[in-house]
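What follows is calculated from the coordinates using simple rules that are stated; it is not laboratory data. Since this is a predicted model, take the numbers as computed values, not measurements. Counting neighbours? That spans all protein chains shown, and the Cβs are built from the backbone with ideal geometry, glycine included.
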Amino acid sequence: MSVLDRDHNSFLTVQETAELLNVSPDTVRTLVRRGDITGIKVGHQFRIAPDLLHAYLYANTAEVTA
């Protein structure tokens, strides 16, 4: 099962999100701080809802032509 197929009540860690996007955890934190990806702060850590990550990805998808 993909991490993005989890129960809607589950949140992704910064590390899990970074692995899915193939970027560094610092990049994910920057995207959350800028408001590009919606996340919540739990203590000193961010959590990202999979459905909001999907929304971000689809909103920022460019059409690729061959």
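Below is a table of values for the structure above.
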read-out: Cβ-defined net charge surrounding residue 39, 15 Å radius [Lys, Arg +1; Asp, Glu -1]; value: +1
read-out: Net length gained if the chain between residue 36 and residue 59 were fully extended (0.36 nm per residue, minus Cα distance); value: 7.3 nm
